Each structure stands twice: as structure tokens, then as C-alpha cells.
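The block underneath contains the structure these notes are about, expressed in C-alpha cells.
Laboratory data are not the source of any read-out in this text; all were calculated from the coordinates shown. Model, not experiment: these values are computed from the prediction. With ideal geometry, Cβ positions are generated from the backbone for all residues, glycine too; neighbour counts draw on all protein chains shown.
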Amino acid sequence: MNTDRGVISSPSVESEWTAARRETVDRLNGIRDQLALYDDCSARKAGIFAKLAETLPPEETAEYSSSSSRGNAVEVDAAKKRLLEATAARRVVELKLVEGRRKVSQQRAELAAKKAKVLRAMEGIETARVRLAEATDVMYNTTFNRLSIIQQNLTFRRWELAQGVAHIFSLSTIDALRSPPASPAREGGASTSSYHRGASDLNGGGGYQSPGSDMRRQRNISICGLELDSSVIKKNKEAMLDQENGNHAEKLATALGYVAHILQLLSAYFDIPLRYPVKPVNSRSYICDVVPSKGLGGGA
């Protein structure tokens, strides 16, 4: 290291300083050469004008100078005009570009808002679908099961009413009333057993008769102690009139009156409308045929 006027320098700094100085000198030399070339061109131009002034008359020289100056002014004006037109066209293009960018930005914002709205709608639909599935499960677990339980209760209740009718009218040989249908669990379990005892009591205290017993006894029905022979239930009216004589006819009429009353009660219990209205009036019960049969004149 060398010390010069109190400044410490290194070989790298000196080399950089030398390179910068050489570059500056080269630039100055280039500027001098350009100035010299400009002076040379100016001198040549002045010599050419001097030669033209010597060869041409003074009037033509003045006219040439004025025409050249006018031509240069026209060219300058035309160039300025073209420059102004180009500047105006550039401004128009820039304004269109700015407007296009603004529209693109606005459309992007609108599309982003629509996209967010669609996404929210999709989320709402998915949530509604999940809620619908849950509501369907809840409805199946509550409503359908409740309807099934209500149907079982209704069936069991109808069986109870039918068994009550059988108990009131002391019906016998009604196999359908012996065992209760499937029903929900009862508290204590004593109710079903009592109904089983009632069904056995309706059979006259005896057990269930086997199929091998007398078929005629199974076909006969006892109502309030009155035996109803199934042979009287025929479509032929004359066959019924032949058996209706004396005490036997009155018993059959009374039993059939009980049958009409039971039929009306069971029709209401089981919600089954009767095709022909029944008028239960004990032994004088009758069925109304609102549509008269052909050749019979109709009536009750």
C-alpha cells in the first residue's frame, strides 16, 4: 500500500480509477472528433453556398434560398401535423385500452360475485339435501312406525269390539274370534289372557272341537240361546217360507233379527258400508233394497 496526501489506496482501487480515467478521455476524444466533423461539414456547406453565389445571379440565389427555406417550413409543418395526429391516435388507443381494462375488471368482479353466489346456492342445496335425508329418516322412524302401531291398535280394538258383540249375543262356533290378532304389548299382560278366557267361555265352557266332529254342529250358530240353522240362509225365498211355521218360525225370525243387529254393529266397527241398508227391529228386522229388482216390484 502507498500513502499519497493522507489517502490510503490499494492496487484494485488504482486500477479502477485508471480504467475510469481512460474511459473519460476516450469519450472526450470522441466528442472532439464529432465537433471537428461538424465544423468540416459547416465549412463545406459554406464553400458550396459561396460557389453557388459566384455561379448564379443574385436573384436566383435569393429565390433558391427562400424556396429552400419555404420547403423546409412546409416539411416541418407536415411533420408536426403528422406528429399531432399520431399523438391523438395514440391517446385514443390509450383511452380504449383503459376502458377495455376497466370493463374486464368489472366483468371479473361480476363473475366472482356470481361464482360466490353459485357456491353458496350449492352449499344450501347440499345442506337441504342432508336435512331432507334426516327428515325422511325421522319421518320413517316416527310416522311410519306410529302408523303401524295405530293400525295394530285399531285391529286389536276391532277384535275386542267383535269379541264384545260375541259375548253380548252369546255367539258360539265363531273360530275367528278365538285368538286375538297381533297387537302391541299390554301392561301387565292380563288383558290378553282375559280375552282368551272370554273366547273359551263363548264356546260353552268346553274346549275347541276337532275337525272330525259332526259337520252339521259346526255349521250351526247359536245366538242368545237360539240356534240358527244355516239351511235357512238360501237365495231361494220359497225355501225359507216353507220352514217359517209356528214357534220355529218365530225363533228363526228372532235369531235373524239378532243377526241384523250384529251386522249393523260390525259394519260400523269395521267401517265397511253395507250394500243394502239393514233395519234391525228384533224379529221384524228387514233389509231395504233401494234398487227394485226387475219383475218383483222392489220394496223392503
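Could you calculate the contour length gain from GLU227 to SER267, that is, 0.36 nm times the residue separation minus the distance between their Cα atoms, to one decimal place in nm? Please list the in-between numbers first.
Working: separation 40, 0.36 × 40 = 14.40 nm, distance 2.28 nm.
Going from the current span to full extension adds 12.1 nm.
Computed FRET efficiency, Cβ-Cβ of ASP40 and ALA79, R0 25 Å: what is it to the nearest 0.05? All intermediate terms of the calculation are to be shown ahead of the outcome.
On the way: r = 28 Å, r/R0 = 1.11.
With R0 = 25 Å, the Cβ-Cβ based efficiency is 0.35.
Assuming R0 = 45 Å, what is the FRET efficiency of LYS51 and ALA89, from their Cβ-Cβ distance, to the nearest 0.05? If you can, show how the numbers build up before the last one.
Numbers: r = 45 Å, r/R0 = 1.01.
About 0.50, to the nearest 0.05.
Tell me the label-point distance for the pair ASN153, ASP33, using the 7 Å Cα-to-Cβ offset, in nm and rounded to one decimal.
Taking the two extended label points, one gets 11.7 nm.
Enumerate the amide H contacts of SER170 below 5 Å, restricted to partners 5 or more residues apart or on another chain; note that Pro and chain-start residues carry no placed amide H.
CYS224
Compute the signed sum of charges (Lys and Arg +1, Asp and Glu -1) over the other residues within less than 12 Å, Cβ to Cβ, of LEU97.
After counting each charged neighbour, the total is +4.
Hey, for a label at PHE144 modelled as a point 7 Å past Cα toward Cβ, could you say which residues of segment 108-133 have their backbone N under 15 Å away?
Taking a point 7 Å out along Cα→Cβ of PHE144, the residues of segment 108-133 whose backbone N falls under 15 Å are 133.
At a 10 angstrom cut-off on C-beta neighbours, averaged per residue, how do the peptides 16-26, 158-168 rank from highest to lowest?
Ranked by mean Cβ neighbours within 10 Å, highest first: 158-168, 16-26.
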